[in-house]
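Right, one structure below, let's go through it.
Please treat every number below as a calculation from the coordinates, not as lab data. From a predicted model like this one, the values you see are computed outputs, not experimental measurements. Ideal geometry is used to build each Cβ from the backbone, glycine not excepted, and the neighbour counts take in all protein chains shown.
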Amino acid sequence: MSEEKHEPVPYQTFILIWVALIILTGITVGVAQFDFGAVNIWVALSVASLKSALVLFVFMHLRQESLLFKIGLLAMLIILVIFIGLTFTDVLYREVLP
Amino acid sequence: MTLLPTDNPTAQLVDGVMIYIFGLSLLLLLGITIVTIYFVVKYRRSRCPEPTSDVDHSIVLEAIWTVLPTLIVLTMFWYGWVNYVGLTEVPEGAMEVSATARMWSWQFEYADGRRENRLFVPANTPVKVRLQSTDVIHSFFVPAFRIKKDMVPGLETYVWFEAPKPGSYDIFCTEYCGVGHADMITTIEALSAEDYAAWLVADAPPEHRGLVVLREQGCIGCHSIDGTPGIGPSLFELAGSPRQVEIDGQTTEITIDDDYLIRAIREANYEVVQGYPAMMPSYDEASLNNDDLQSLVDYMMGRPDTTSAPLDGARLIEINGCTGCHSTDGSPSIGPTFQGISSRDITIIRDGKEVTQQADADYLLRALVDPSVETVKGYPDIMPPSDYLSPEELDAIVEHLLQQ
Amino acid sequence: MSFEHRDDTGDRFGMWLFLYTEVILFSGLFILYAIALITYPQEYITASNKLNIWFGGANTVVLLTSSLTIALAITAIQRNQIRLCINLCVATIGLAIVFLINKYFEWSHEISLGIYPASETLRDMGPGVTSFFNLYYFTAGLHGLHVLIGATLITVVAVMVAKGKVTSDRYVLLENSALYWHLVDLVWIFLFPLYYLII
Amino acid sequence: MTKTPLTNSGFYSESPRSGVLGWLLSTDHKRIGMMYLGCITTMFIVAAVLGLAMRLQLFTPGQHIMTAQTYNATFTVHGIIMIFLFIIPSIPAAFGNLLLPIQIGARDVFFPKLNLLSWYLYISGAILAILAIFTGTGAPDTGWTFYVPFSTQTSTNVSLAAMAAFMLGFSSILTGINFVTTIHRLRAEGMGWGRLPLFVWTLYATAWIQVLATPMLGITLVLVMLERFFGAGLFDVASGGDPILFQHLFWIYSHPAVYIMILPAMGVISEIIPTFSRKPLFGYWAMAISSLAIAFAGSLVWAHHMYASGMSDFAILVFSLLTFIVAIPSAIKIFNWISTLYKGSIQLGPPMLYALAFILQFAIGGLGGLALGAAAADIHLHDTTFVVGHFHYTMFGGTGFAFFAALHYWLPKFTGRMYNHKIAFIAWGLLFVGFNVTYMAMQAVGIQGMPRRYYDYLPEFQTLNMVATLGSWVLAAGLIMMFANLLKGMLNGKLIGMNPWGGATLEWQVPSPPPMLNFGKEDPVVTRGPYDYKGVKADEF
């Protein structure tokens, strides 16, 4: 089996990403000080997703890995969305008797 | 083996779908089997030493047997769904009963407060049963009516059915709920209109003595008991509510309590409720004795009747499901038998120690309210506490057991 | 006679598959969270306000930093800077310990207030708040367990680096431990806003 | 007929360690596979005995050989063993381990040590499960589904059983990870995706389900254990939980799990039918893709176990629709198997008979599933013995028979010896008749309205219950005869050559039993498809 060697990721890249992650954390905490209703939770989740993407693609080297890894991740996320989404077809529409 | 009745609306909804699906399935199954056997016989190796075709796919064929079954199963889905909706739509004017399941008994409560361990209903009348559970998940299943719904703690569900004719129909628990699961069986007793009317009267809880007095003394002529206005103020929901009364032309606000009501009857026109004429006659002891007065006040204050016949312990152990686990004739069951319970020695495990004693009133009461503190040796610690019963009911049960 | 082969990509792929299972494992708790949140929106806000945002915020920074140090350690070993690599691993382990100590103080504080699973105080606060804290304790507890496992893994690998068993030529063990550590970070990235920041 | 002992050739004789340790510490996929096979078969026999005992209790109404509590423990243990210790690992862990590397031209699985760890987790889970029966406060009595709140309230040994299931889930996950990686990274030169045997395709689909669904079971069981230990309930109504959510989480795993059980069985059938028809599998790509489609679609339909649970009607609508769509790939498979027979050269060897019985019984199970998928019909049939009959048609009549087919097909390959064919035919006949009588009667009495998990029943259900119990005795006779025949064949049956059936996949091109590392010194190069029978001849035996 041939071995694909990855180029080392420069230290600066990692540090830049770390700075970005800290700033994003600051943004989430900042936004949470104001009450925007349901918007808050979506902002928090979007920022968290963005942070995860940074960790996945840079820290975890997903950027350098082959397509298979990315497809695997996508499959897992699709299954996750299905699990959550279909559970909600029950809990959001449950009939409560008077 | 008996066939299930098919002459009721919910059964017809379910049977239609079952016949459609099972019928088509049988056809498909026959087709598959016949073709397989035909191929196996026709192309057996002794006749065909080598394959006579090497076709290994056919887009057209495969497309056909993808699309065709898809269409067929979609009709099954749709038919199943539409008729399911029928099972959830309770007809207008259905009678309502509440069913409570607990380990391992059923209790049905009617609008007038009466409780039964069998479900008595009039035939030819749609019935909506509201389902609830006090402990684990149970399920309400009536094969004759093809209805089934889980009874989930903290979530009220319902089913409806209409019994086609008088008769007895089994109710099973179909959600596994422990050791008494298979014995958690009761019946729907569908009665004809006359029988049902007779049952309503025969088994009705006795009337409140206060209400009888109210009627005897003619109070209802001026005072309604359901809130409708009359010559005098209504006697509906009096306890604790405020009233503007005039005493010698002075208006004050008072809160309705026993003393006020007694004054209002004995010295009717001392306080007059604002807006009503001072025309009520007073009732002295000669026309209304103190006992009847007390009953009247009890009734108006919404308190239970203290004068009626004592509670029937034998009936209470029946409708509260005790006999589901405790036999009354000495036969073994999930719990110890009630027969001779007061006269025999029982070995109790308390704090891990064994104690042998005779059952007395105190012990029986503890065993009812907090059964897991003292368990009887040889029986599992599974009895649910009966703390939902009123003190009077508990006393009546203990009383009854002591006579066994 | 046994089967010898070398395929670092395959090794990493196996690790990624394992990480997928971990995500699904945590997702069970997140599903319960999401449902409880829409059932008890008000109670969840009340309960969330009882958590100290500084504990959570500090731990977020600690974990993000530890993710950085372990990522740097990979580059270090790729560039054959063994000393630096070991130091970065030690830094990661140190941050993991800081995280756990911080968690210890946070939980002690909450427990001293009577807030812990099945406590009387919690029961009196009603089902919504109880549900929040039950989920919080179980999710954070499971996450803490992963921190512990991840730190142990990195310790073992750091020793192997020191002994020369993990080298700039063959460092897939370090990579896989780092992947696991990043997962711990990923879970926290979601856990933090959902439990500490809802308003 | 030579009398050389079994352990004298192939992978039995080559090992860095000798004796028992040579097995217990071996990372060789064939040795691990054989260990799995031994344990799994033992577990099957134990659970089958429990099943027969239950049928005996149900012979007539009333309490006979067991009390209600014993019966409840019996069906719980029967379920836990059959599901977690037999069906889920049966084909993937035993035959998957034995065959997957050989069929793709590899020397072992990708992570051999992890493979051994999976086996140890399996054994530990098995030991815990058995401990749960005999220790503590009584054998678990929750049913294999562990439904809350009953499972958190009962005083029996549920926590240990849940722990066992958790470990078995972990074992299953590790096997899944191993297989996915193996199939991606270790295919021999020339073994393109279009040349994978169908068995490998189904193992691949199964492995993905194991990886992506099993953790949900893990977390659900952990929560049940936590609720029992700390009394803090995430599913408890008083603590803001919802018992129905437990059912969601449980079935999110456990419905895909039925595809973990059935997909590899479909793979086995897809190997046997072409070999015994000497014809390529009809619709190779449709079969391969429908395996993946089943794996994916299987994740979409879990709540069809819950139509009567009190969940929303909208969810019933969605899940009912999705359930019917999942029926399609299974139907495609049945039609393709039958088309493979068309104009073939069909030999009714023992594996083929089991395969044909599989098709029929799986079809009956699948068609019964349609009635359960339709919302209205399910309301009546749910939680009756119809459901029990239905899933035994798919799990036993399907996967169980496929497991027997695999035993008859591949056991000679891994022991180098052949069993007696005549006895195999008779045993098959008994199994086929006994199976269908037993479970058809159970389905019928379920339609009559008999609830499941009843140790005692009303007199109107008696006739059919007696029929089912009588059938179970025929079934038992068939099982005894089949296992005795296989055992005898393994120990001193006729020696066979490489290819007794005339199969075209790679395992038939290595000696029986295969040597350690499977292919000798040269790495195999694959030049033909898995069902290309031109020039392939069956060895005489």
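The modelled label-to-label distance for the pair C:N49/A:L77, using points 7 Å beyond Cα in the direction of Cβ, is 3.5 nm. The phi torsions of segment C:171-180, fed into the Karplus equation with coefficients 6.51, -1.76 and 1.60 and a -60° offset, translate into couplings of 10, 5, 4, 5, 4, 5, 5, 5, 4, 4 Hz, rounded to whole numbers, with Gly and Pro shown as x.
Counting only whole DSSP H helices of chain B, the ones at least 20 Å long by C-alpha along their axis and with mean Kyte-Doolittle hydropathy no lower than -0.5 are B:9-42, B:59-88. Can you classify segment B:52-183 as rounded, prolate or oblate using the Cα gyration tensor, where a ≥ b ≥ c are the square roots of its eigenvalues, rounded means a/c under 1.5, and otherwise it's prolate if a/b beats b/c and oblate if not? Because a/c hits 1.5 or more and a/b exceeds b/c, segment B:52-183 counts as prolate. Show log10 I(q)/I(0) for segment B:209-300 at q = 0.10, 0.23 Å⁻¹, two decimals, from a solvent-free Debye sum over equal Cα scatterers. Each listed q maps to, in turn, -0.23, -1.39.
Counting, for every residue in D:213-226, the Cβ atoms of other protein chains within 10 Å of its Cβ and taking the mean gives 4. Within straight-line reach of B:K377, meaning a Cα separation under 12 Å, sit the following aspartates and glutamates at least 8 residues removed in sequence or on another chain: B:D345, B:E354.
Among the listed pairs D:K413/D:K494; B:K128/B:K148; B:K42/D:K534; D:K279/D:K534; D:K343/D:K413, those whose Cα-Cα separation exceeds 18 Å are B:K42/D:K534; D:K343/D:K413. For segment B:313-402, the alpha-carbon radius of gyration amounts to 1.00 times the rule-of-thumb value 2.2 N^0.38 Å expected for a compact globular protein. When each full DSSP H helix of chain A is screened for a Cα extent of at least 27 Å along its own axis and an average Kyte-Doolittle hydropathy of at least 1.6, the helices passing are A:11-31, A:67-91.
Legend: mean number of C-beta atoms from other chains within 10 angstrom of residue C-beta atoms, peptide D:345-356, equals 3.
With neighbours defined as other Cβ atoms within 10 Å of a residue's Cβ, the residues D:W337, C:W107 order from fewest to most as C:W107, D:W337.
How tilted is helix D:385-394 with respect to the longest principal axis of chain D? Cα atoms for both, answer in degrees (0 to 90, nearest 10). Tilt relative to chain D: about 10 degrees. Just to be sure I understand the curve: with the Debye formula and one point per C-alpha of segment B:9-88, what is log10 I(q)/I(0) at q = 0.21, 0.22, 0.24, 0.26 Å⁻¹? Debye output, listed in q order: -1.03, -1.07, -1.14, -1.19.
Label point of B:Y388 set 7 angstrom out along Cα-Cβ; within segment B:88-108, amide nitrogens under 17 Å from it belong to B:97-108.
For the segment C:124-136, counting C-beta atoms of other chains within 10 Å of every residue's C-beta and taking the mean gives 4. Please give the helix D:462-492 orientation as an angle from the longest Cα principal axis of chain D, in degrees from 0 to 90, rounded to the nearest 10. With both axes taken from Cα atoms, the answer is about 30 degrees. Between the helical axis of D:198-230 and the longest alpha-carbon principal axis of chain D there is an angle of about 30 degrees.
At what distance in angstrom do the alpha carbon centres of segment B:371-387 and segment D:324-344 lie from each other? Centre-to-centre (Cα) distance: 56 Å. Of the trypsin sites (Lys or Arg not before Pro) found in segment A:1-64, those in coil by DSSP whose Cβ has at most 15 other Cβ atoms within 10 Å are A:K5.
Legend: Rg and Dmax of chain C, from Cα coordinates, 19.4, 65 Å. Taking a straight Cα-Cα cut-off under 18 Å and skipping sequence neighbours fewer than 8 places away in the same chain, the aspartates and glutamates within cross-link reach of A:K51 are C:D185.
The distance from the alpha carbon centre of segment D:249-307 to that of segment B:107-147 is 42 Å, rounded to a whole number.
Working note: Karplus 6.51/-1.76/1.60 with θ = phi - 60° gives segment D:265-271 the couplings 4, 4, x, 4, 4, 5, 7 Hz, where Gly and Pro are set to x.
3J(HN,Hα) along segment C:61-69: 4, 4, 5, 4, 5, 5, 4, 4, 5 Hz, from the Karplus curve 6.51 cos²θ - 1.76 cosθ + 1.60 with θ = phi - 60°, whole Hz, x for Gly and Pro. Each of B:V201, D:V180, D:V224 has some number of other Cβ atoms within 10 Å of its Cβ, and from fewest to most they run B:V201, D:V180, D:V224.
Put in order of Cβ neighbour count within 10 Å, fewest first, the listed residues C:V166, A:V91, B:V97, B:V85 become B:V85, B:V97, A:V91, C:V166. Ignoring the sites themselves, chain A has its longest run without chymotrypsin sites (Phe, Trp or Tyr not before Pro) in a DSSP loop having at most 16 other Cβ atoms within 10 Å at A:37-92.
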